[in-house]
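Following: one structure in structure tokens, then a few remarks.
Each value in this text was obtained by applying a stated rule to the coordinates, not by laboratory testing. Bear in mind the structure is a predicted one, so any value in this text is a computation, not a measurement. In this analysis, Cβ positions are derived from the backbone assuming ideal geometry, glycine residues included, and neighbour counts consider all displayed protein chains.
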Amino acid sequence: MRVVFLGPPGAGKGTQAKGFATDRGIPHVSTGDMLRAAVAAGTPLGQRAKEIIEAGELVPDDVMAGIVSDRVREADAEAGFALDGFPRTVAQAELLDADLSGRGLALDHVLLIEVETEEVVRRLLARAGGRADDNPEVIRNRMGVYERSTMPLVAFYESRGLLRRVDGLGSVEDVAARLAAAAGGGADGGTG
Ligand code: AMP
């Protein structure tokens, strides 16, 4: 199963995408985690991404699309993947679509975790300090970037019949159950 997790920062996307992927035996592909690892390792990508991440801005679309294209070609992603944090712009979604369709593949579901702005800001401020980009100013910027650049993906995927809306309020288990139901139920990979 090939799925994309969509939602504002602080919606619980990372936790849910990870659990979803583990249950189905597919890799959890978090571009934020990949970028943070690159920063920590001091690779050329990491050096380029560090300031962008710390400002809450976006790494260029072509760079991100290249990273994800390579990652989803790896052997462990043959049966599927759970993308977390990518695509973040319509341009990235189009590059992903072209890359997958070029291989005769397509996304099965785009799972949108819906949490209202007030609640996500509250959650992000509560965990502030844990990450270099979790301080009030950067959080506000990341929310603005989400609304301007990532929200258009909702309409983009809705028009393609891929969007599944899931209420992100409640316990981790409750939200996980809603996501599993939205993706066709069960943890056996489904039929798409
Ligand atoms: P995340 O952990 O998904 O919140 O990502 C942390 C930061 O990494 C973001 O605020 C961006 O600066 C950068 N980033 C992660 N994924 C992407 C992406 N798909 N496109 C551009 N920048 C990204």
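Considering only alpha-carbon pairs that sit under 8 angstrom and 6 or more positions apart, the relative contact order computed for segment 95-177 is 41 percent.
The mean sequence distance of close C-alpha pairs (under 8 Å, at least 6 residues apart), as a share of the length of the chain, puts its relative contact order at 33 percent.
Would you order VAL145, VAL110, VAL63 from fewest to most other beta-carbon atoms within 10 Å of each residue's own beta-carbon?
Listing VAL145, VAL110, VAL63 from fewest to most nearby Cβ atoms yields VAL63, VAL145, VAL110.
Remark: C-alpha extents of the chain on the principal axes read 43, 38, 29 Å, sorted largest to smallest. Annotation: the residues LEU179, LEU125, LEU45, sorted from fewest to most other C-beta atoms within 10 Å of their own C-beta, follow the order LEU125, LEU45, LEU179. When you restrict to C-alpha pairs under 8 Å that are six or more residues apart and normalise by the size of segment 1-108, the relative contact order lands at 42 percent. Distance between the 7 Å Cα→Cβ label points at GLN47 and VAL154: 4.0 nm. Computed from Cα atoms alone, the Kirkwood hydrodynamic radius reported for segment 96-135 is 13.2 Å. In plain terms, the residue of ARG36, ARG24, ARG165, ARG73 with the fewest other Cβ atoms within 10 Å comes first and the most crowded comes last, giving ARG73, ARG165, ARG36, ARG24. Sequentially through segment 38-54, phi angles give Karplus couplings (6.51, -1.76, 1.60; θ = phi - 60°) of 5, 5, 4, 7, x, 5, x, 4, x, 5, 6, 8, 3, 5, 5, 5, 5 Hz, Gly and Pro residues having no value and appearing as x.
Rg and Dmax of segment 81-173, based on Cα coordinates, read 15.0, 43 Å. Taking 20 °C and 1.002 mPa s as conditions, segment 61-125 diffuses translationally at an estimated 160 µm²/s according to Stokes-Einstein applied to its Kirkwood radius (Cα pairs). Put the Cα centre of segment 40-62 next to the Cα centre of segment 123-164 and the gap is 17 Å. I want to verify a result. In a Gaussian network model of the chain, Cα cutoff 10 Å, which of these has the top mean-square fluctuation: GLY42, GLY25, GLY56? In the Gaussian network model the winner is GLY42.
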